[in-house]
Amino acid sequence: MKPYAFGVDLGGNAIKIGLFQTTGNLVEKWTIPTRLEDHGSHLLSDVVDAIRAKMEEHSLTWDVVEGVGMGVPGPVDQDGTVMRCVNLGWDILNVPKAVQELEPAIEKLKVANDVNAATLGEMWQGGAQWNNSAVMVTLGVGVGSGIVVDNKVFVGSTGAAGEIGHMCVNPKETERCTCGNYGCLEQYCSDTGLVHIAKMVLEELPEAPSMLREGEITPESICQAAKKGDIAASEVMERFGQLMGQALTAVACTVNPQVFVIGGQMAQAGMVILKPIETYFRRYAFHAFRNTPFVLAELGEDAGIYGSVRMLFDEVKLEEEPELEKEEELDL
């Protein structure tokens, strides 16, 4: 295996790029702007230019680079074709072909949905290490998930496997989800969904004193109030946990992962998010997978670049230290 690789996480606001040693060491990470004009037609050339500039800075040539891995916020099929990516302005695009036209010296390029890539990252060097199957759930603006089985990303027939945010959990809902359907998990368990639940609880419990009545309601204020024993906030987290826990029993029935990883912006609240999910999962789960472990993600916003690099390897052997110090190899 060649000594270096690049991991790329294409986001709607910024593009994260990491230079890695293939032993697992992150040498350097940086970001470049996401240029969305002209339907995102500049994004891949911007990434290639940024990688070339970093290679020149460190006197690297393509013959020492194993390849480039890339996570994108949309469905991706087995050959790296993005099946429409609204956040980037893309329609259907074969990313490996497009990148290798820009830089033919890239011998290996792997592409996956960004949450799938993050799942691999957490399994490689994060909260789910030493497992060969995992489901990662990301909680933030939306509810997403990544599925890895036998150390391989599972994408489904159209690249949309893991879209649990659009699992219907309340068929009686009268408001539409952003996807156009009704009663999706994302309507209740995303950041805006948690606020929605909080407002309902406050209306249903008008006599209950609550810190949530004192200012702007945000996921952070809800979690902080719940940690302090606030009755209304605790009820919000109970309802959140019930919906997420029940949804994940359905996922476990299908995938039966070794571990669930809870990540995303909301997961930074820690156990106040994790505990209710786990509690209700165990209440509803089939006995054969009732004791599936739950862990918090550990790599934060870097999970995507780690996982993008991990896609390049058929097998992984982590070493405590590279053979040479990176200062010697890269002249830092």
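The values are calculated or read from the model by the stated rules, or taken from the named source; none is laboratory data. For clarity, every value in this text was computed on a predicted model and none was experimentally measured. No Cβ is skipped: glycine too gets one built from the backbone with ideal geometry, and neighbour counts run over all protein chains shown. The protein model used for the area step is the full one, side chains on, heavy atoms only, and it has no ligands, DNA or RNA in it. Shrake-Rupley method; radii C 1.70, N 1.55, O 1.52, S 1.80 Å.
Brief remarks follow.
- For segment 38-81, the alpha-carbon radius of gyration amounts to 1.41 times the rule-of-thumb value 2.2 N^0.38 Å expected for a compact globular protein.
- Angstrom value of the Kirkwood radius, inverse mean 1/r, which spans all Cα pairs in segment 74-212: 17.3
- Cα-Cα over 29 Å, subset of 16/172; 152/228; 152/227; 172/199; 108/275; 29/275: 16/172; 152/228; 152/227; 108/275; 29/275
- Exposed loop sites, defined as GluC sites (Glu not before Pro) outside DSSP H, G, I, E and B with at most 12 other Cβ atoms within 10 Å, are absent from the longest region of the chain, namely 1-174.
- 10 Å Cβ shell holding at most 10 others, DSSP loop, chymotrypsin sites (Phe, Trp or Tyr not before Pro): longest site-free stretch of the chain: 131-285
- A Förster distance of 45 Å, applied to the separation of the beta-carbon atoms of residue 35 and residue 290, puts the FRET efficiency at 0.40.
- Whole-angstrom gap from segment 141-189 to segment 278-311, using each part's C-alpha centre: 16
- Relative counts (whole %) of C-alpha pair distances in the chain, using bins that are 10 Å wide: 6, 25, 31, 22, 12, 4, 0
- With helices as the sole contributors, the chain gives -10500 deg cm²/dmol at 222 nm; each DSSP H run of n ≥ 4 counts as -39500 (n - 2.57), and the sum is divided by every residue.
- Probe 1.4 Å, accessible area per residue of the chain, Å²: 48
- Cα-based radius of gyration of segment 63-130 once divided by 2.2 N^0.38 Å, which approximates compact folds: 1.20
- Here the ratio of the Cα radius of gyration of segment 131-234 to 2.2 N^0.38 Å is 1.30.
- For segment 105-178, radius of gyration divided by Kirkwood radius, i.e. Rg to Rh on alpha-carbons: 1.07
- Relative intensity of segment 1-134 on a log10 scale, I(q)/I(0) at q = 0.09, 0.11, 0.16 Å⁻¹, equals -0.25, -0.38, -0.82, per a Debye sum over C-alpha point scatterers of equal strength in the absence of solvent.
- Reduced Cα scattering model of segment 231-284, Debye log10 I(q)/I(0), q = 0.29 Å⁻¹: -1.21
- Stretch gain in nm, segment residue 59-residue 26, where the contour uses 0.36 nm per residue and the Cα spacing is subtracted: 10.2 nm
- Translational D in µm²/s for segment 188-311 (Stokes-Einstein at 25 °C, 0.890 mPa s, Kirkwood Rh from C-alpha pairs): 159
- Rg over Rh, two decimals, segment 189-239 (C-alpha only, Kirkwood Rh): 0.90
- Counted over all Cα-Cα pairs of segment 1-72, pairs farther apart than 15 Å make up 51 percent.
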